[in-house]
């Protein structure tokens, strides 16, 4: 997006998207340290122009990511101290995460082993066949759109990633790896519809509007 700038470093209301995200984890008293996973070659830029510039002193390590999201997370998990208790995994381009979401997933994962932020779907969801004809209408009352943060007991999520690598399993999120191993149940924690992931230029415009609305409510 926007001239080839990577999404985490796009300007959002005067700061990089990633800085907005990291500052929430920096403020959260339940977070001890932060590992930032970046694309190969972005390490120094991230340290200088995000972590140092915005005083994210909990960010004690910058990890080079892999070819996929799953590989990137695994790289970060391997760098954590072996006595790590809980791990909160979050998309760097979801800047509207809240401390409440982090706290709630930590509390639920501490009890159940795994938790993810999610919101009930608003639209009617239909399943299609290979020719794009409707084959089934799903029960909307049971459907949730999954977001991050996703929080896990460290030993469980590390074992799930190792199992996936040994069995050539690819997943779109870490909760799915836990599902496929069956190590524990995953608790859904209420998120927020504004906890969007910035993927397209339109998402960036929506994010600017969210910040403007928040500032208006606060009288800024």
Review point. Where in the stretch 25-98 are the strands (runs of 3 or more DSSP E), entirely inside, with at least 3 residues that are more than 19 Å from residue 161 (Cβ to Cβ)?
Key: 59-64
Check your understanding: What tally of residues in the stretch 123-142 results from selecting those that are in a loop (DSSP other than H, G, I, E, B) and in contact with a strand residue (DSSP E or B) (Cβ under 8 Å, 6 or more places away or on another chain)?
Key -> 4
Review point. Pick from the stretch 170-183 the residues that are touching a residue at least 40 places away in the same chain (Cβ under 8 Å) and surrounded by fewer than 17 Cβ atoms within 10 Å (Cβ to Cβ): which of them is nearest to residue 8 (Cα to Cα)?
Key: 172
Review point. Quick one: is residue 125 free of Cβ contacts under 8 Å to residues at least 24 places away in the same chain and in contact with a helix residue (DSSP H, G or I) (Cβ under 8 Å, 6 or more places away or on another chain)?
Key: yes
Practice item. Identify the single condition in (1) surrounded by fewer than 18 Cβ atoms within 10 Å (Cβ to Cβ); (2) farther than 16 Å from residue 73 by Cα; (3) touching a helix residue (DSSP H, G or I) at 6+ places or on another chain (Cβ under 7 Å) that residue 212 does not satisfy, given that it satisfies every other one. Key: (3)
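In the stretch 194-204, is there at least one residue being without any contact (Cβ under 8 Å) to a residue 24 or more places away in the chain and surrounded by fewer than 14 Cβ atoms within 10 Å (Cβ to Cβ)?
So far as the stretch 194-204 goes, yes, one or more of its residues are without any contact (Cβ under 8 Å) to a residue 24 or more places away in the chain and surrounded by fewer than 14 Cβ atoms within 10 Å (Cβ to Cβ).
Quick note: the coordinates plus some simple rules give every number you see, no bench work behind them. If you're wondering where the values come from, they're calculated on a predicted model, not measured in any experiment. In this analysis, Cβ positions are derived from the backbone assuming ideal geometry, glycine residues included, and neighbour counts consider all displayed protein chains.
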